[in-house]
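Working notes for the structure below.
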Amino acid sequence: MKEKMHLDYNYCAMLKNATCYNMGDDAKACDLSIHSIPKEYQSLDFRQNLASEWISENCKKCIDLENNNQKSQRYYLNSRFENELEDYIYFDIRFSSVCNLVCVGCSEQYSSSWAKLKGLSVRKKQNKDQAIENIVSEVKKTDKNILLYFAGGEPFLIKEHFHLIAKVREVLSNDQILKLQFLTNLTRLNDEVLDLAKSYEIILGISIDSWGEANQYLRYPCNNDEIINNIVNLHTLGIRRLYFQPTVSLLNIFHLREFLNLSKIIRDRLKEKVMYYPHLLVDPVELSIFNTPKNLRAFILEEITHLKNAFKNISEFKYFYDLLISIEANLAVNSSALELPEILKYIERKDEERNLKYEISLPELKKIIDKVYNE
């Protein structure tokens, strides 16, 4: 593994084994790719010939993270391909922004509910039929197993995802395995998902940013009870590969301890643990931890110390603990910062659009902001 993990990008499992069909016209190597793959290289057969200049420019997001001693998407997916997906081809599919939530850190670009709230048109992939045809063609050409990864928007609400699954099932050989992975807010279940759960191995990543009232504010208008009931129902159907994927930002850094309550509920209801695989919010910049004012950072570092002590001996928080160490190290050297009034202006605008108040739902954050102003 170590030979494959150096920074000059001589190896990336996504470039070699994966294609991302986002809402644009062309295919990408992954959802973090800056540019589409040149058409002559879109077939997986030709990926190894991509120019190193294209890779170094296109893969900047992972390179920057690794240069700052953070674990990138490349790091996790290289490990996964080596340990689990060696015989798989991976398709990352994001056909639409259709979504039922207006999360505070999201926008009309990624959520149809935000678009409707602002009176804008819903963003969709222009050539879904062509993308489906391309994916089916790639599946026909390989004897490798297939992993279809679906995100959104909310992938359970995007009908073309289930149309694609049906098309892929038609062309699979008897020797090929099909795995399905969804990154979902899990506030909705439909018959298609329940039927698939009976026949295929399904991996569920659940987007969730805190628990209790804080989560229902951050991911409005989700309902925590519905999420728990849906987890239990899918677990009863045999889905065992569940994980939580929180997005860590200024808004929830003082409300991450609530995950301890969620973990207790999960252990009580499922009689097993569910892992957390958190990542950092980068955009919008107003909510990034690394753009917080200097006088707020001392409180964040103090909270990180408390969180590390709370999480360090709980196995499902292993990657959370690692991320906290990375945040701690980077806050100490990162010099970029926005002014607190600029950040609050962004939060208050989002509150006005959603008819909510962060002061009510995020009391710990409000308490810290008051302390900063009173210093």
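Out of curiosity, is Leu260 touching a residue at least 60 places away in the same chain (Cβ under 8 Å) and in contact with a helix residue (DSSP H, G or I) (Cβ under 8 Å, 6 or more places away or on another chain)?
On the way: touching a residue at least 60 places away in the same chain (Cβ under 8 Å): no; in contact with a helix residue (DSSP H, G or I) (Cβ under 8 Å, 6 or more places away or on another chain): yes.
Spelling it out, it is not the case that Leu260 is touching a residue at least 60 places away in the same chain (Cβ under 8 Å) and in contact with a helix residue (DSSP H, G or I) (Cβ under 8 Å, 6 or more places away or on another chain).
Residues checked against (1) over 30 Å from Gln216 (Cα atoms); (2) in a helix (DSSP H, G or I); (3) under 20 Å from the mean Cα position of the chain (by Cα):
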site: Cys106; (1), (2), (3): no, no, yes
site: Ser121; (1), (2), (3): no, no, no
site: Asn134; (1), (2), (3): yes, yes, no
site: Glu138; (1), (2), (3): yes, yes, no
site: Gly152; (1), (2), (3): no, no, yes
site: Gln176; (1), (2), (3): yes, no, no
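Just give me the residues in region 90-118 being out of contact with any His (no Cβ under 9 Å at 6 or more places or on another chain) and of a type in the set (Ser, Thr, Tyr), in sequence order.
Scanning region 90-118 gives Tyr90, Ser97, Ser107, Tyr110, Ser111, Ser112, Ser113.
So which helices (runs of 4 or more DSSP H) stay within region 298-375 end to end and still have 1 or more residues that are closer than 23 Å to Leu260 by Cβ and among the polar types (S, T, N, Q)? Give the steps one after another, and end with the answer.
Working: elements: 318-333, 340-354, 358-361, 363-374.
Qualifying helices (runs of 4 or more DSSP H): 318-333, 358-361.
Of the numbered conditions (1) under 15 Å from Tyr220 (Cα atoms); (2) in a strand (DSSP E or B), Lys116 satisfies every one except a single condition; which is it?
(2)
Scan region 115-138 and give yes if some residue there is on the phi < 0 side of the Ramachandran plot, out of contact with any Leu (no Cβ under 7 Å at 6 or more places or on another chain), hydroxyl-bearing (Ser, Thr, Tyr) and surrounded by 14 or more Cβ atoms within 10 Å (Cβ to Cβ), otherwise no.
No: zero hits.
How about region 55-105: which of its residues are in contact with a Phe, Trp or Tyr (Cβ under 6 Å, 6 or more places away or on another chain) and either surrounded by fewer than 22 Cβ atoms within 10 Å (Cβ to Cβ) or free of Cβ contacts under 8 Å to residues at least 40 places away in the same chain (or both)?
Ile55
Out of all the residues in region 276-304, which are among the acidic types (Asp, Glu), at pLDDT 90 or above and either surrounded by 15 or more Cβ atoms within 10 Å (Cβ to Cβ) or within 21 Å of the chain's Cα centre (by Cα) (or both)? Before the answer, list the steps.
Kept after step one, since they are among the acidic types (Asp, Glu), are these residues of region 276-304: 283, 286, 302-303.
Narrowing further to those that are at pLDDT 90 or above: 286, 302-303.
If the condition is that a residue be among the acidic types (Asp, Glu), at pLDDT 90 or above and either surrounded by 15 or more Cβ atoms within 10 Å (Cβ to Cβ) or within 21 Å of the chain's Cα centre (by Cα) (or both), then Glu286, Glu303 are the ones that fit.
Looking only at residues in region 184-202 that are farther than 20 Å from Ser112 by Cβ and touching a residue at least 40 places away in the same chain (Cβ under 8 Å), which one is surrounded by the fewest Cβ atoms within 10 Å (Cβ to Cβ)?
Lys198
The values are calculated or read from the model by the stated rules, or taken from the named source; none is laboratory data. Keep in mind the model is a prediction, meaning the values are calculated, not measured. Neighbour counts run over all protein chains shown; Cβ positions are idealised from the backbone, glycine included.
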